[in-house]
1. Read through the list (1) touching a Phe, Trp or Tyr at 6+ places or on another chain (Cβ under 6 Å); (2) buried (at least 17 other Cβ atoms within 10 Å of the Cβ), then give the number of the only condition that I190 fails.
2. Checking the structure you have, find out if any residue of segment 198-206 is under 18 Å from S145 (Cα atoms) and among the small types (G, A, S).
3. Please note which strands (runs of 3 or more DSSP E) are completely contained in segment 157-255 and include at least 1 residues that are of a type in the set (K, R).
4. Within segment 149-175, how many residues turn out to be of a type in the set (A, V, I, L, M) and farther than 20 Å from Y249 by Cα?
5. Could you check, for segment 115-126, whether at least one of its residues is under 29 Å from V175 (Cα atoms), in contact with a helix residue (DSSP H, G or I) (Cβ under 7 Å, 6 or more places away or on another chain) and basic (K, R)?
6. Name the residues in segment 45-73 that are crowded, with 21+ Cβ neighbours inside 10 Å and outside any helix (DSSP H, G or I), would you?
7. Go through segment 192-214 residue by residue and tally those that are in contact with a Lys or Arg (Cβ under 6 Å, 6 or more places away or on another chain) and without any contact (Cβ under 8 Å) to a residue 40 or more places away in the chain.
8. Scan segment 52-60 and give yes if some residue there is among the polar types (S, T, N, Q) and more than 30 Å from S225 (Cβ to Cβ), otherwise no.
Amino acid sequence: MDSSRGGPDAVTNDAGRKADLGPGPDNRGADSGASDAAPSCTVQTAGPFGPRAARSLGYKGTLSAYSALYKVACTGLPACVAACTAAGGTSESCEKGSECAVGPDGMNCLPPTYWRYETSAMSEDGTCAEQTLVVIGHQDALVLSDFGVQVPQDATIRGIQFDVLRGTDDPAMAVDYSIRVMRAGEPVGIDRKQTGEWPVTLSYASYGGPSDIWGVTWTPADIASSDFGISIAALFTGTGGNARAYVDYVRVLVSYTRGNCQ
């Protein structure tokens, strides 16, 4: 069996990874202009805000059910896909990411690799959400949402910036696969992935900005929704073996103007 996916015995959380904390403190919701003052054409910024929910986009089952997938006997891919979806994987992830491979005990399933310990990315403390990266046909996304963003009801959204504290355990082995903004629980707009490698030391990368609305028109209600957020998918750049991707924290800042500013 290809052990590069980690298997059930490799499901361990690497806590305490050192972080480059990036520019400025996170005051988790300080708002430089979200009051109900008179309308102004000055661009104001709300935030940063931190996430209150986290999940894998491709898997909704338990960690124990996922680990059990490595022990499923198979004679072909259909058995692995069926077991994967029954455990909580999406049809797309199970179909594209499962394998039936030869192992020490015969033919066994290799399930897709998903993000795990997702809620660890809800606080900036060195304990991370993580994913084992391998050569695979499906790249799972980590979704952080429910940021509790507060802007005035007459605000026009001018820009959205997410700061992602991320890293890897193997230099030059992880890059962005997809960075998407989430509205109503679904990825929308322009993919803001970057070309740089993920660093070995946890460091912030910024996506979007004060004048970037990701190709989408937003309302204050969209931004305030618990389904507003970001999906983060990493890509393994190696040809064999594996690496791990880590996300420690994500924060968002929202830029806006008041009233009828053009």
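1. I190 satisfies all of (1) touching a Phe, Trp or Tyr at 6+ places or on another chain (Cβ under 6 Å); (2) buried (at least 17 other Cβ atoms within 10 Å of the Cβ) except (2).
2. Yes, some residue in segment 198-206 is under 18 Å from S145 (Cα atoms) and among the small types (G, A, S).
3. Answer list for segment 157-255: 174-183.
4. Matching residues across segment 149-175 total 5.
5. Checking segment 115-126: at least one residue is under 29 Å from V175 (Cα atoms), in contact with a helix residue (DSSP H, G or I) (Cβ under 7 Å, 6 or more places away or on another chain) and basic (K, R).
6. A46, G47, P48, F49, G50, P51, A54, S56, L57, G58, Y59
7. Total satisfying the criteria: 0.
8. So far as segment 52-60 goes, no, none of its residues is among the polar types (S, T, N, Q) and more than 30 Å from S225 (Cβ to Cβ).
The values are calculated or read from the model by the stated rules, or taken from the named source; none is laboratory data. Owing to the predicted nature of the structure, the values given are computational and were not obtained by experimental measurement. With ideal geometry, Cβ positions are generated from the backbone for all residues, glycine too; neighbour counts draw on all protein chains shown.
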